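Chemist: One structure coming up, written as structure tokens, with questions to follow.
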Amino acid sequence: MLTRRQWIGSGIVAVAALGVAGLAVDSIENDRDILAAIVPVFLAGTLPVDAAARQAEIARTLDGFDIAVSGLTPSVQGEVAQLLALLRVAPLRIVATGIVGPWGRTSPERIAQFLNDWRFNAIPKLRSAYQALHQLIFAAYYGDPKAWGRIHYPGPPVVKL
């Protein structure tokens, strides 16, 4: 029979082992992998149904995300990098989002749940993190004229002088 101290110690060792294992798995996931899992959740209903066309739109949005972030001030770029690190490092991600496994194996429903939790969270930093992801992803997607047809937007008016 385990004593209370042994039981607590075993729990700490188990959590540490899971964290190290999670870090090993996460080393193969990068920011694009994370965002590739999140983008379709934000853009649900706007992406093509065809798998190849869908992947192309997601890749285009990820490129646009990089462009959008590169236009931000260095301090804001640092904050975006910190946010992505939070989502990348397993122990931090588990605590912040409740998502245990790799992003590529997380269901869209589970990602939507974490995003909704952040969107309405009592902690202002998590609400801000949600807004940052939302705004950057939407700017990346809708900032490209190729996406305008999907929402029947003809583009900005042309002024003739």
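Read the figures in this text as sums done on the coordinates, not as results from a lab. As the structure is a computational prediction, the values presented were derived from the model and not from experiment. Positions of Cβ are backbone-derived with ideal geometry, glycine not excepted, and every protein chain shown enters the neighbour counts.
Chemist: For region 146-151, in order, what is each residue's ³J(HN,Hα) by Karplus, 6.51 cos²θ - 1.76 cosθ + 1.60 with θ = phi - 60°, in whole Hz (x at glycine and Pro)?
Modeler: 5, 8, 5, x, 5, 10
Chemist: Still on this structure, I have one more. How high is the relative contact order of region 30-148? Use alpha-carbon pairs under 8 Å, at least six apart in sequence, and give a whole percent.
Modeler: 36 percent.
Chemist: How would you order 37-44, 152-159 from highest to lowest mean count of nearby Cβ atoms within 10 Å?
Modeler: Going by the mean number of other Cβ atoms within 10 Å, highest first, we get 37-44, 152-159.
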